[in-house]
Amino acid sequence: MVYEREVLPIEPPRPKVDPALLLEQPQKVRLFFTKLDRAKYISHLDMNRCMSRALKRSGLPVWYTGGFNPHMYLTFPLPLSLGCESVYECVDLKMTQKVDFDTIAQKVNACLPPDIQVFAAGEQKMDQKEIAWADYEICFDAQDGLKEKLENFFNQDEIKVIKKTKKGEKEIDLKPHFSLLSMEEKDGVLTAMMRFATGIELNINPTLLLDNAPFELRVQSLKRLMVYNKELKSFC
């Protein structure tokens, strides 16, 4: 006996839009979202796919590029490193029709996993090139004397490391590009709040500093808390 059933597409087709409702210029939108718990193991490429599929399933009138291979316009101003959590990620996109920002967040969240959720949507007020700093929360296993060791390490006159780039390797001094905001030990966990230079011109991954510590570090978690411009205004 042969059973026949309707085979549904993995992703719904793009909805047909009344040309009269289209905007002359696409509506620019910036989504702010979290990436927590299990989602920290999702690579940037997979994050792009995840967000793209969620937007397709939401039924929102997302703008696509033209040409022979049209694709959804998505730009992540500051991609997150693998293994790092964040409570302040963002992605830029465009809409072919005017959509309320609260409606966008609600519809996208319904199609996203619980570890990745949009908490705000708004206009693209700042240019991506304005990003200059980012705050991180770093939790360590509180070993004996670790707080003093870290303070001595961070307070050195210079901390030279080898940074790998697309053009090769070069030696840089990390000292001017990070600061320790606070450090507190509680219940066997040492929590450090730190600020690192971040952006297109210079991007310092916290692990670049931690991996060059002259002693063993047991990192429990690494989380990005906020992103700023040069004037330390929240990126929006």
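List of remarks:
- Counting only aspartates and glutamates at least 8 places from Lys164 when in the same chain, those with an alpha carbon closer than 20 Å to its own are Asp173, Glu201, Asp211.
- Radius 13 Å from Cβ of Lys147, net charge of other residues (Lys, Arg +1; Asp, Glu -1): -4
- Once the Cα-Cα distance is subtracted from the 0.36 nm per residue extended length, the Leu82 to His44 segment shows a gain of 12.9 nm.
- Mean-square fluctuations from a GNM of the chain, with a 10 angstrom spring cutoff on Cα atoms, peak among Asn48, Asn109, Asn212 at Asn212.
- Extension gain, Ala120 back to Asn205 (0.36 nm per residue minus Cα-Cα distance, nm): 28.0 nm
- Under 5 Å from the amide H of Leu217 lies no amide H of any residue 5 or more positions distant or on a separate chain, with H modelled from the backbone and absent for Pro and chain starts.
- With every protein chain in place, the chain: carbon and sulfur % of accessible area (1.4 Å): 49 percent
- Straight-line reach from Lys167: taking Cα to Cα under 24 Å and skipping same-chain neighbours fewer than 8 places apart, the lysines in range are Lys129, Lys175.
- Using a probe of 1.4 angstrom and keeping all protein chains present, the accessible surface of the chain works out to 61 square angstrom per residue.
- Since only Thr34, Met194, Pro61 are under comparison, the one whose Cα sits farthest along the positive direction of the charge dipole of the chain, derived from C-beta charges on Lys, Arg, Asp and Glu, is Pro61.
- Under the shape rule built on the C-alpha gyration tensor, where the axes satisfy a ≥ b ≥ c, the stretch 164-236 is oblate, since a/c reaches at least 1.5 while a/b does not exceed b/c.
- Cα centroid separation, the stretch 70-88 to the stretch 139-197 (Å): 24 Å
- Among [x] 1.08; [y] 1.06; [z] 1.16, the entry that matches Rg/Rh (Cα atoms, Kirkwood Rh) as calculated here: [y]
- Using the average count of surrounding beta-carbon atoms within 10 Å as a protection proxy, the listed peptides 154-167, 193-206 rank, highest first, as 193-206, 154-167.
- Of the DSSP H helices in the chain, those with a Cα length along their own long axis of 20 Å or more and a mean Kyte-Doolittle hydropathy reaching -1.0 comprise 44-58.
- Anisotropy class of the stretch 186-225 from Cα gyration tensor, a/c 1.5 cut: oblate
- Cα gyration tensor category, rounded, prolate or oblate, for the stretch 84-150 with a/c compared to 1.5: oblate
- Set of lysines near Lys125 by C-alpha distance (under 29 Å), chain-local residues within fewer than 8 positions excluded: Lys28, Lys35, Lys40, Lys56, Lys94, Lys98, Lys107, Lys223, Lys230, Lys233
The values are calculated or read from the model by the stated rules, or taken from the named source; none is laboratory data. What you see is a predicted model; the values in this text were computed from it and never measured. No Cβ is skipped: glycine too gets one built from the backbone with ideal geometry, and neighbour counts run over all protein chains shown. Side chains included, ligands, DNA and RNA excluded: accessible areas come from the protein's heavy atoms. Shrake-Rupley method; radii C 1.70, N 1.55, O 1.52, S 1.80 Å.
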